[in-house]
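Read the structure below first, then the notes.
The values are calculated or read from the model by the stated rules, or taken from the named source; none is laboratory data. Since the structure is predicted, the reported quantities are computational estimates derived from the model, not experimental observations. Note that we place each Cβ from the backbone using ideal geometry, even for glycine, and neighbour counts take in every protein chain shown. Keep in mind that these areas ignore ligands, DNA and RNA; they rest on the heavy atoms of the full protein, side chains included. Shrake-Rupley method; radii C 1.70, N 1.55, O 1.52, S 1.80 Å.
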Amino acid sequence: MTEQETPPMATPRAAAGALFFDDHDRVLLVRPHYKDYRDIPGGYIEPGETPFQACVREVREELGIQPPIGDLLVIDWAPHPDEGDKVLFLFDGGTLSPALRQSIRLGSDELAGYDFHPVEDLPGLLIDRLANRVMAALTARALGRPLYLEHGQQLPN
């Protein structure tokens, strides 16, 4: 390699989303029209955005609400076989008040609906890699600190 050649580097696609809860600690999942599984609110980060800004924007676009978004729960290095390298950020959306839950308006033609689900049902409702990420985020929330994941899994200590 010559001095002027740049070594190859990863150029991951980046996305951000949020976990929201109701008063019974159930998790909000959305039903996208274009997927055959449930998902969390969120999406890809646009040029010039931070992961946090993208999370706030995606929640506003998808759910029509602007709740306070809390701390980072998980960063997941999760390359996808068809889409290449990805880095995914998951933030704590906290518990949505009854007023916020009632003001949800699906503002995007991307979503068919949303529901709140008990934590124990999540592995059966989400694809494995997303279920792993969400379950790790629940652990991070309980620990009060973010977790770093690779492919949805914590690294062995």
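The magnitude of the dipole of region 40-143, with charges of +1 and -1 set on the Cβ of Lys/Arg and Asp/Glu and taken from the Cα centre, is near 360 debye. Surface composition of region 1-116: carbon and sulfur atoms hold 49% of the protein heavy-atom accessible area at a 1.4 Å probe. What angle, in degrees between 0 and 90 and rounded to the nearest 10, separates the Cα long axis of helix 51-63 from the longest principal axis of the Cα atoms of the chain? Helix 51-63 sits roughly 40 degrees off the main axis of the chain.
Treating each Cα of region 90-147 as an identical point scatterer and ignoring solvent, apply the Debye formula and state log10 I(q)/I(0) at q = 0.21, 0.22, 0.27 Å⁻¹. One equal scatterer on each Cα of region 90-147 leads to -1.06, -1.11, -1.19.
Couplings 3J(HN,Hα) of region 7-13, computed from phi: x, x, 9, 5, 10, x, 6 Hz, in residue order, whole Hz [Karplus 6.51 cos²θ - 1.76 cosθ + 1.60, θ = phi - 60°; x for Gly and Pro].
Computed across region 11-157, the Kirkwood radius stands at 15.3 Å (inverse of mean 1/r, all Cα pairs). Loop-located GluC sites (Glu not before Pro) in region 1-86 (DSSP state not H, G, I, E or B) with no more than 13 neighbouring Cβ atoms inside 10 Å: GLU3, GLU5, GLU83. Dividing the convex hull volume of the alpha-carbon atoms in region 54-124 by its residue count gives 137 Å³ per residue. A protection proxy built from the mean count of other Cβ atoms within 10 Å ranks the segments 84-96, 24-36, most packed first, as 84-96, 24-36. Determine the shape class of region 1-75: with a ≥ b ≥ c the square roots of the Cα gyration tensor eigenvalues, call it rounded for a/c under 1.5, and otherwise prolate if a/b is greater than b/c, oblate otherwise. It is prolate, given that a/c is not under 1.5 and a/b is the larger ratio.
Backbone amide hydrogens, once placed in the peptide plane, bring GLY64 within less than 5 Å of ARG105, GLY107, excluding anything fewer than 5 places away on its chain. Computed packing ranks the peptides 7-15, 125-133 as 125-133, 7-15, most packed first, by mean other Cβ atoms within 10 Å.
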